[in-house]
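Everything on this sheet refers to the single structure shown next.
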Amino acid sequence: MTGLLESNQYLIRKKLLKILGEKFHIYHDDTQEELIGYCYQKALKIKEDIRVYTDESESEEIMRIKARNILDLSGNYDFTDSKTGESLGGVRRNFRKSFFQDSYSVYDPNNDIYAEVKEDRMLSAIIRRIVPFAKFVFPQQFAFNFPDNPTIIFTQKMNPLIQKLTVDIPKGNQIDTRIILGAAMIIIAIEGRQN
């Protein structure tokens, strides 16, 4: 069995029926046979609060993702290791750049930017914003770019009922898997809700 932090690909699937908050199952791949993680986005919170676990029983929390401020157009989301309390850094939405094409800066624990997560082609991004239901024809794709590192790809797959995000991490990746997982959770939980 591949552990959540050892996998080189994920399928994150939003749970369809829930009473409060958003819930996500994290599978090893598209077959959805091997559940390797679970995520819960708390409801009725003034600031976003997302928790990532190894399983649906929530027995072992791996990381926390929290919005830095209550009302923040930039959207700073800090990642924390749940076991040690160590800051892992996080992602910041680039508000002006994201008007036509979603963009996030990835920062380290000292708030120094070292990577970027950017939506695919500008034309596809604009079409998705203007044409109703275009997101079903042109699924959103993000590239996680870090210098001298292979590009990590996030692909948002949406249908009227179930939202999914695939994450492909190529061999040779040098980025902490928790950062990749945290960025993926922001994309499916925050971007998915905006779309």
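Every number here is computed from the coordinates shown, using simple stated rules; none is lab data. None of the values given here were measured: they were computed from a predicted structure. Counting neighbours? That spans all protein chains shown, and the Cβs are built from the backbone with ideal geometry, glycine included.
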Pop out the ³J(HN,Hα) list for segment 22-34 in order, Karplus 6.51 cos²θ - 1.76 cosθ + 1.60 with θ = phi - 60°, rounded to Hz; leave Gly and Pro as x. 10, 10, 9, 9, 10, 10, 5, 7, 4, 5, 6, 8, 10
Provide the gained length on full extension for the span residue 68 to residue 149, in nm with one decimal, where the gain is 0.36 nm per separating residue minus the Cα-Cα distance. 26.4 nm
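Rounded to the nearest 20 Debye, what is the dipole magnitude of the chain about its Cα centre when Lys and Arg each give +1 and Asp and Glu each give -1 at the C-beta?
1020 debye
Going by how many other Cβ atoms sit within 10 Å of their own, how do 53, 38 line up, fewest first? Before the final figure, lay out the partial values.
On the way: 53 19, 38 23.
Ranking 53, 38 by Cβ neighbours within 10 Å, fewest first, gives 53, 38.
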Pull up all non-local amide H partners of residue 88: gap of 5 or more, or a different chain, and H-to-H distance under 5 Å with H placed in the peptide plane. 79, 80, 81
Just give me a number: lysine pairs in segment 39-151, eight or more positions apart or cross-chain, with C-alpha atoms less than 18 Å apart. 6
Need one word for segment 42-157: rounded, prolate or oblate. Basis is the Cα gyration tensor (sqrt eigenvalues a ≥ b ≥ c); a/c below 1.5 gives rounded, then a/b vs b/c decides. prolate
Which order do 171, 45 fall in if you start with the one that has the fewest other Cβ atoms within 10 Å? 171, 45
Taking the Cβ-Cβ separation of residue 35 and residue 133 as r and a Förster radius of 25 Å, what is the calculated FRET efficiency to the nearest 0.05? 0.25
State the label only: which of (i) 67, 45, 28; (ii) 86, 39, 25; (iii) 43, 38, 38 corresponds to Cα extents along the principal axes in Å computed from the shown model? (iii)
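Report the FRET efficiency, 1/(1 + (r/R0)^6), for residue 6 and residue 95, where r is their Cβ-Cβ distance and R0 is 35 Å, rounded to 0.05. Numbers along the way, then the final one.
On the way: r = 34 Å, r/R0 = 0.99.
After rounding to 0.05, the efficiency reads 0.50.
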Using Cβ contacts closer than 10 Å as the measure, can you line up 63, 122 from fewest to most? 122, 63
Backbone HN-Hα couplings from phi across segment 112-122 [Karplus 6.51/-1.76/1.60, Hz, Gly and Pro as x]: 8, 6, 10, 7, 9, 10, 10, 5, 4, 2, 4
What list of ³J(HN,Hα) values in whole Hz, one per residue of segment 93-99 in order, does the Karplus curve 6.51 cos²θ - 1.76 cosθ + 1.60 (θ = phi - 60°) give from phi, with Gly and Pro shown as x? 6, 8, 4, 5, 5, 7, 4
Which one of 107, 145, 156 has its Cα pushed farthest toward the positive end of the charge dipole of the chain, where Lys and Arg give +1 and Asp and Glu give -1 at the Cβ? 156
Give the residue from 174, 50, 123 lying farthest towards the positive end of the charge dipole for the chain; charges sit on Cβ (+1 for Lys and Arg, -1 for Asp and Glu) and the dipole is referred to the Cα centre. 123
